[in-house]
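Some notes on the structure that comes next.
What follows draws every value from the coordinates through simple rules; no lab data is involved. The structure presented is a predicted model; accordingly, all values stated were derived computationally and were not measured. Cβ atoms come from the backbone with ideal geometry, glycine included; neighbour counts cover every protein chain shown.
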Amino acid sequence: MLATLPLLEQTRFPALRRNKLETLQVNLGYLCNQQCLHCHVNAGPRRTEIMARETVEQVLAYLRAANIGTLDLTGGAPELNPHFRDIVRAARAQGTRVIDRCNLTILEEPGQEDLAEFLAMQRVEAIASLPCYLEDNVDRQRGKGVFAASIRALRRLNALGYGQPDSGLILNLVYNPQGPSLPPAQGPLQADYKRHLSDEYGIVFNQLFTLANMPIQRFGSTLISKGQFEDYMTLLREAHQDANLESVMCRDLISIDWQGYVYDCDFNQMLGLPLRLNGRPRTHIKYLMGVNLTGNPIVVKDHCYGCTAGQGSSCGGALVKD
Ligand code: SF4
Ligand code: SF4
């Protein structure tokens, strides 16, 4: 894979500082049952990096002490971490909102037969990638058979109450473009998704989040090898909107890697750019106890334009709602 960081170092992206911390996003490891083309984590079935029990305990201790409202679990496929269910139970027992970034096909993996029921019982919010409502496009980006497996998984989640009005079980979907273009407006695309998935498959969901592809990791490397990297960066830079700076996710979220180190966001984690605290090159979650991060500078590079281009992108979709 080709390195993207050297191409992102020089930047004129505006300086940012942190607001109050609201969300702890935890990467439980890079192991995944899929190997998608656009994956910014470079996850896959052969990755062995998995968060260990000791680190899980440190994360839970911080979550308790810092009284953070939301725990956002990601990976890889976070459910493949053997401690996934313990983390969910512990966080839910203390009233924390838990989000599982679920790739849907995981529900059909051996050993995960009761995962959907577990998530529903714990009232975990599910955020699932479905980069298109057309089978060919999804299979091209995420692998053969992924669309059909995703539809089966969505039906199972719907049957448990996910996405159904008044159930309180939230099921949100994520769209990202197939190639080096900006996502279309979130509102109209959500309406198209809702209509198509309901008419064709009887599937319901709550919200569609549209995300721009980040010019890093596997997607960034593909752009470099196709000679499209600079054009894509120009597209992102020219579409930058200052208004999006207020709500980029690094303002109120920290991202923890599988070894417990802290980053301003998941993208910085993937680029190896740790959160800078008091001049230290990197900080472990166990040393964050009692530290107030409000006002701390955020590490920004040129990839940050991926968050502020057009309607903006964050782990909760477009920043400008239409
Ligand atoms: S399912 Fe998600 S984590 Fe796994 S390879 Fe695809 S994009 Fe990456
Ligand atoms: S990539 Fe986005 S979320 Fe991460 S530091 Fe840059 S602006 Fe913030």
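Need the list of lysines near K194 for cross-linking: C-alpha distance under 27 angstrom, and skip anything on the same chain fewer than eight residues off.
The reachable lysines, counting only those whose Cα sits under 27 Å from K194, are K144, K321.
Quick check: pseudo-label points 7 Å beyond the Cα along Cα→Cβ at Q259 and A191, how many nm apart are they?
With each label point 7 Å from Cα toward Cβ, the separation is 4.9 nm.
Could you work out how much longer the chain between N278 and R17 gets when fully extended? Use 0.36 nm per residue separation minus the Cα distance between them, nm to one decimal. Write down the numbers at each step before the final one.
Numbers: separation 261, 0.36 × 261 = 93.96 nm, distance 1.38 nm.
Using 0.36 nm per residue and subtracting the Cα-Cα distance, I get 92.6 nm.
For segment 171-216, what does the convex hull of the Cα positions come to per residue, in cubic angstrom? Intermediate results must be reported in sequence, preceding the final value.
Values: hull volume 3.5 nm³, N = 46.
In segment 171-216, the Cα convex hull volume per residue is 76 Å³.
Where a ≥ b ≥ c are the square roots of the eigenvalues of the C-alpha gyration tensor, would you call segment 151-252 rounded, which needs a/c under 1.5, or, failing that, prolate if a/b is larger than b/c, or oblate?
On the way: a/c = 2.49, a/b = 1.85, b/c = 1.35.
Because a/c hits 1.5 or more and a/b exceeds b/c, segment 151-252 counts as prolate.
Based on DSSP, what percent of beta bridges with both residues in the chain are antiparallel, to the nearest 5?
Numbers: 9 of 34 bridges.
The answer is about 25 percent antiparallel.
Expressed as a rounded percentage, what relative contact order does segment 194-269 have, with Cα pairs under 8 Å and six or more residues apart?
Details: 40 pairs, mean separation 11.9, N = 76.
Computed over segment 194-269, the figure is 16 percent.
Determine which aspartates and glutamates satisfy two conditions relative to K226: a Cα distance under 14 Å, and not lying fewer than 8 residues away in the same chain.
Here the aspartates and glutamates satisfying the reach criterion relative to K226 do not exist.
On a full-extension model of 0.36 nm per residue, what is the gain between Q122 and N137, subtracting their alpha-carbon distance, rounded to one decimal in nm? Write out the running numbers ahead of the final one.
Values: separation 15, 0.36 × 15 = 5.40 nm, distance 3.26 nm.
Difference between extended and current length: 2.1 nm.
Out of the trypsin sites (Lys or Arg not before Pro) in segment 65-174, which ones are loop residues according to DSSP with at most 16 other C-beta atoms within 10 Å?
Answer by residue number: R123, K144.
Shape call for segment 163-322 from the C-alpha gyration tensor, a ≥ b ≥ c root eigenvalues: rounded (a/c under 1.5), prolate (a/b greater than b/c) or oblate? Spell out each step's value before the answer.
Numbers: a/c = 2.05, a/b = 1.36, b/c = 1.51.
It is oblate, given that a/c is not under 1.5 and a/b is not larger than b/c.
Could you work out the relative contact order of segment 23-76, using alpha carbon pairs under 8 angstrom and six or more residues apart, expressed as a whole percent?
57 percent
Just to check I understand the Karplus step: with θ = phi - 60° and J = 6.51 cos²θ - 1.76 cosθ + 1.60, what whole-Hz values come out for segment 179-194, glycine and proline as x?
Each residue of segment 179-194 in turn: x, x, 9, 7, x, x, 4, 5, x, x, 5, 4, 4, 4, 4, 4 Hz.
Where a ≥ b ≥ c are the square roots of the eigenvalues of the C-alpha gyration tensor, would you call segment 137-204 rounded, which needs a/c under 1.5, or, failing that, prolate if a/b is larger than b/c, or oblate?
oblate
With θ taken as phi - 60° and the coefficients 6.51, -1.76 and 1.60, list the Karplus ³J(HN,Hα) couplings across segment 9-20 in order, rounded to whole Hz; mark glycine and proline as x.
4, 6, 8, 10, 4, x, 5, 10, 10, 6, 9, 4
Under the rule of at least 5 residues apart or a separate chain, name every residue whose amide H is placed under 5 Å from the amide H of I203.
The answer is S198.
Towards the positive end of the charge dipole of the chain, with charges on Cβ (+1 Lys, Arg; -1 Asp, Glu), say which of A61, P184, Y232 has the farthest Cα.
It is A61, whose Cα lies furthest towards the positive end.
Describe numerically, in nm with one decimal, the distance between label points set 7 Å from Cα along Cα→Cβ at D86 and at D231.
Between D86 and D231, the simple spin-label model gives 5.0 nm.
Using C-alpha positions alone, give me the convex hull volume of the chain per residue in cubic angstrom.
Spread over its residues, the Cα hull of the chain gives 127 Å³ apiece.
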